[in-house]
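Please read the structure below before turning to the comments.
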Amino acid sequence: MKLLIQPDGGIKPILQGLSRAKKNIRILIFRFDRVEIEKALVAAVQRGVSVQALIAYTNRGEEKNLRRLEMRLLAEGVTVCRTADDLVRYHGKIIIVDDKELYVFGFNFTHMDIDLSRSFGLQTTKSSVVTEAVRMFESDCKRIAYKGAKGDLVVSPVNAREKLTRFIDGAKKRLLIYEMKISDRDFIRCLDKKIAAGVEVKILTRTVTKTRAIPVRRLSGRLHLRAIIRDGDEAFIGSQSLRKLELEARREVGIIFRSRPIVKQMESVFDRDWKKSEPLVEADSVTAALSIPAKKVAKEVAKQIAVKPVVEDAVDRIVENSDAALEPEEIAQTVRDAFRDEVEGAVVNALRDLATTMTDADRGPAPRGNNHEK
């Protein structure tokens, strides 16, 4: 078992895995722009390895790129299958080598995810997990309903909610979570209960949660990862966030595993990231005691937000990443993040200013001093 850490590890571990193939390679692709991986697949075919690529049928604006990839791979002798359209997305990212070695990734096969983002991948040779991954891959290639997922493989929508709920609920001491966006109410309630029971919970993400009880911070760099570290000896790595859509309406693939050395590696990376991160939730002590009419807050916030500079800054960030294929939802998220940051800052400042004003008003005029008092 081996942990892949991005962006530190880069593409080399993936290429090394592909180069070891003797009989077959199976690869599930959602997003792809790495020529090195494409060349490694072609090289495998040329040395007599059977290569099978299962490619997402759709990818919000990237269909043309995926179809061109299909044609190139077919021309080089790769067997290409396209996923069905029965689910909202086929979003998993896995590679299976010789039916003996499984790679589960939190990242896509892209420059942005591999070279510029915090993410993890896991390589395992555990036979039961590899066998199950092959069964799922073959079912999706043949467009046969995949049912009865077994063992440690976490597959949406088949068993992800059940397995991840049980995994989180089993925490006794500590939960460290990398999460793109946590919005599922059941999981938020579960995490709130864990905190109430004395479990340490920390989440590194890129969006706020719907509860102030959970310590949430924004990673200082780009994040493309879903991972949960439990009690120092077990962890989850996969493609599914704790969101209803990704748990119940998409093909997502992850793995739960026990390995103290690897989990310690993950904890070390998390702790470093946490120290460099920024809080996303204002402390309860700052906001809970404030009781200010909404109209006053809205009026004050409107004065403080400069819309044009926020939009211009967001557009600049999008243009800087124009060499990579961005989904509309990523562009929208960039703009939303920019406005959220601006609004959060404005709201906090407005609340503090108004709170100070109201407090001074309640106190009344300051008493006049008597300079002649003896």
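Residues with amide H under 5 Å of Arg82's amide H, sequence separation 5 or more or different chain, H placed in the peptide plane at 1.01 Å from N; which?
Amide H neighbours of Arg82, under 5 Å, 5+ apart: Ile55.
To one decimal place, what Kirkwood hydrodynamic radius in Å is obtained for the range 2-279 from all pairs of distinct Cα atoms?
18.9 Å
In this model, which of Lys23/Lys147; Lys2/Lys142; Lys93/Lys181; Lys64/Lys142; Lys193/Lys244; Lys39/Lys181 are farther than 25 Å apart at the alpha-carbon?
From the list (Lys23/Lys147; Lys2/Lys142; Lys93/Lys181; Lys64/Lys142; Lys193/Lys244; Lys39/Lys181), the Cα-Cα distance tops 25 Å for Lys23/Lys147; Lys2/Lys142; Lys39/Lys181.
Just the Kirkwood number for the range 1-126, please: inverse of mean 1/r across all distinct Cα pairs, in Å, one decimal.
14.7 Å is the Kirkwood radius here.
For Lys275, what is the net charge nearby, where nearby means another residue's Cβ is under 12 Å from its Cβ and Lys, Arg count +1, Asp, Glu -1?
Computed value for this residue: +1.
What is the order of Tyr103, Tyr146, Tyr178, fewest Cβ neighbours within 10 Å to most?
Lowest to highest Cβ neighbour count: Tyr146, Tyr103, Tyr178.
Coordinate-derived values only; no laboratory data. These figures come from a predicted structure and were not determined experimentally. Quick reminder, even Gly has a Cβ in these numbers, built from the backbone with ideal geometry, and neighbours come from all protein chains shown.
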